[in-house]
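For reference, the structure discussed in these notes is given below.
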Amino acid sequence: MRALAILVVVSNLQFRYDPAILHRHEVRHLPRLTNQENGTDIPTDVAPARDQVVFPDNRRENDPDTITFFPLKDPSVPNFAKAYPQLTANVAAVRNQRLVAADPLTVDATHAFHAHVKPLKFSWCEGVAFLTQYTQEPDMPHPATNQDLVYVFLGVTRTGSHFIRAQFAVRHDRFPIPHKDLNAVPASSFHPSLDSLEQLLASIEPTAR
């Protein structure tokens, strides 16, 4: 494994990444939007105020790599579950590894397929990682492509303080291939390797122990 040289501190959590793989990062502070404030609009942005770490150099325009830290408490609302019903459902679903229901991005899309599904348990977080592509036409054929394939992690800190969603673009020299063949592709042969992304996720921990 390569050294994780860059330290990022957000939301009372920290992690490290390899700049040879992800190059650089930005931190965005996303505003609160409750279900009541959203009204009848599609609830794509309903969530508490949260920090998102963005890695903009993945060569996919308007779709950067991200790690989003959703707090699971919000003193500004009287009832968290009513203010953020989708996030509450995401947390329950990830604990049962119901991948589509656990993913905040499936509000107006779905997963075309799942491959390399792997439950992950780290010292301060646990969840599940997998490869997928997003679609609004799940019944159509969806070969794995270098334009669309992503590695997704959905997890919850062991203290219950945050729900974590991470997404990274991944590529392979053999693409496009039928998605049913993805599980036969070694994790180490993707770019970046799935092992290197797991190493980053394993580094997530509280800023003070």
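The values are calculated or read from the model by the stated rules, or taken from the named source; none is laboratory data. Just so you know, these numbers come straight off a predicted model, no measurement behind them. Reconstructed Cβ throughout: ideal geometry from the backbone, glycine too, with neighbour counts over all protein chains shown.
Within segment 156-176, restricting attention to residues that are assigned to a strand (DSSP E or B) and touching a Lys or Arg at 6+ places or on another chain (Cβ under 8 Å), which residue is surrounded by the most Cβ atoms within 10 Å (Cβ to Cβ)?
Here is the first cut: in segment 156-176, the residues assigned to a strand (DSSP E or B) are 156-157, 162-169, 171.
Then keep just the ones that are touching a Lys or Arg at 6+ places or on another chain (Cβ under 8 Å); that gives 156, 169.
Numbers: 156: 21, 169: 19.
Taking the candidates together, the pick is 156.
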Q: For segment 46-61, enumerate the residues that are modelled with pLDDT of 95 or more and either in a loop (DSSP other than H, G, I, E, B) or more than 16 Å from residue 165 (Cβ to Cβ) (or both).
A: 46, 48, 49
Q: May I ask you to say which residue of 78, 43 is part of a loop (DSSP other than H, G, I, E, B) and under 22 Å from residue 101 (Cβ atoms)?
A: 43
Q) Within segment 56-68, restricting attention to residues that are in contact with a Lys or Arg (Cβ under 8 Å, 6 or more places away or on another chain) and free of Cβ contacts under 8 Å to residues at least 60 places away in the same chain, which residue is surrounded by the fewest Cβ atoms within 10 Å (Cβ to Cβ)? A) 57
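Scan 99, 105, 87, 120 and give me the residue that is at pLDDT below 95 and in contact with a strand residue (DSSP E or B) (Cβ under 7 Å, 6 or more places away or on another chain). Let's see the steps before the verdict.
On the way: 99 fails: at pLDDT below 95; 87 fails: at pLDDT below 95; 120 fails: at pLDDT below 95.
Being at pLDDT below 95 and in contact with a strand residue (DSSP E or B) (Cβ under 7 Å, 6 or more places away or on another chain) holds for just one of 99, 105, 87, 120, which is 105.
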Q: Mind counting the residues in segment 195-209 that are out of contact with any Ser or Thr (no Cβ under 7 Å at 6 or more places or on another chain), over 17 Å from residue 66 (Cβ atoms) and either aliphatic (A, V, I, L, M) or not in a helix (DSSP H, G or I) (or both)?
A: 5
**Q.** Filter pass, residue 50 being over 27 Å from residue 192 (Cα atoms), touching a strand residue (DSSP E or B) at 6+ places or on another chain (Cβ under 8 Å), crowded, with 16+ Cβ neighbours inside 10 Å and touching a residue at least 12 places away in the same chain (Cβ under 8 Å)
**A.** no
Q) Among the residues of segment 6-44, which ones are of a type in the set (D, E, K, R), modelled with pLDDT of 95 or more and over 26 Å from residue 124 (Cβ atoms)? A) 37
Q: State which residue is surrounded by the fewest Cβ atoms within 10 Å (Cβ to Cβ) when the search covers only segment 69-83 and only residues that are in contact with a helix residue (DSSP H, G or I) (Cβ under 8 Å, 6 or more places away or on another chain) and either touching a residue at least 12 places away in the same chain (Cβ under 8 Å) or of a type in the set (Phe, Trp, Tyr) (or both).
A: 73
(Q) With the requirement that a residue be farther than 14 Å from residue 132 by Cα and of a type in the set (Lys, Arg), what does segment 172-192 give you? (A) 174
Q | The one condition in (1) hydrophobic (A, V, I, L, M, F, W, C); (2) under 25 Å from residue 129 (Cβ atoms); (3) in contact with a Lys or Arg (Cβ under 8 Å, 6 or more places away or on another chain) that residue 80 fails to fulfil | A | (2)
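Yes or no: residue 112 touching a strand residue (DSSP E or B) at 6+ places or on another chain (Cβ under 6 Å) and modelled with pLDDT of 95 or more?
On the way: touching a strand residue (DSSP E or B) at 6+ places or on another chain (Cβ under 6 Å): yes; modelled with pLDDT of 95 or more: yes.
So residue 112 fits the description; yes.
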